[in-house]
Amino acid sequence: MVYEKKFIEEPILQYEIMKFLEKGLDRTDLANIDIQRTPVVTRITLEVMNPGKIIGKRGGVINQLTETLQKEFNIKNPQISVVEVRHPSLEPRIMGRRAAKMLEMGKKARMVLHYLLREIMSAGAIGSEIIVSGTMSRGSRAKRMSVIAGFIPKAGEPARLVKEAHVTSVTKYGAIGIFVRIVPPGTVFPDTKVAKVELPKVIKSAVSPLNPVEKPK
């Protein structure tokens, strides 16, 4: 019975830790959190775009996070390491946050989706899908909008190879859910040969909502 209780509590605790870190490190372009617990130490690896913002002067921010994890979650000997993200356009959480910021600035959802999908696929992704759902404009009903390109498995064991993240954008019209799925370059699927992706013209010609005069790369 003790082992069953621990088996149930462990994933819940990891989820609570991840949510705490996501909220506290929201402005650092957090991409991934990896938590590995052992009887001796709890190793937490943070993948971010700007490691300096987390580390802080003389490791001040890291020390503060370590103390909070010890007190709030009763974690013994937490060790936090920070890794810099090399390809932000291939990280679902980062791309989701970019979409959220653009929507909060009042940019059109369709334009945002087309531009981010182009960025993801231009970075070498095998496939990608972005879904937004919520109220997009004043007086309108909640609706769902999505864009997809390339190969995206959605069931079975191959679906485990897809990186995904869910982000919420709070606009003046209400909350908008953003779901991003990315198949990284080099992913190999059993019994499936992935053909070369040819993007539609509307995606190829998409420009940044923040700089509409910029030409696509």
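What to note about this one:
- Given the chain, longest segment not containing exposed loop GluC sites (Glu not before Pro) (DSSP; at most 14 other Cβ within 10 Å): 1-197
- Taking the three principal axes of the alpha carbon atoms in the range 84-217, the coordinate ranges are 48, 34, 32 Å, sorted in descending order.
- Listed residue (S146, V194, G52) projecting farthest to the positive dipole end of the chain, Cβ model: S146
- The simple spin-label model puts a point 7 Å past each Cα toward its Cβ; for N63 and Y15 those points are separated by 3.5 nm.
- Separation of the alpha carbons by more than 25 angstrom is noted, of K53/K143; K143/K193; K53/K204; K19/K101; K101/K163; K101/K154, for K53/K143; K143/K193; K53/K204; K101/K154.
- Here each label is just a point 7 Å from Cα along the line to Cβ, and for K154 and R110 those points are 2.1 nm apart.
- Going from the fewest other Cβ atoms within 10 Å to the most, the residues M102, M49 appear in the order M49, M102.
- Each Cα pair under 8 Å and six or more residues apart adds its sequence gap; the mean of these over the residue count of the chain is a relative contact order of 17 percent.
- 222 nm mean residue ellipticity, helices alone, for the chain (DSSP H n ≥ 4; -39,500 (n - 2.57); rounded to 500): -10500 deg cm²/dmol
Computed from the coordinates by the stated procedures, all read-outs in this text should not be read as laboratory data. Keep in mind it's a predicted model, so treat the numbers as computed, not measured. With ideal geometry, Cβ positions are generated from the backbone for all residues, glycine too; neighbour counts draw on all protein chains shown.
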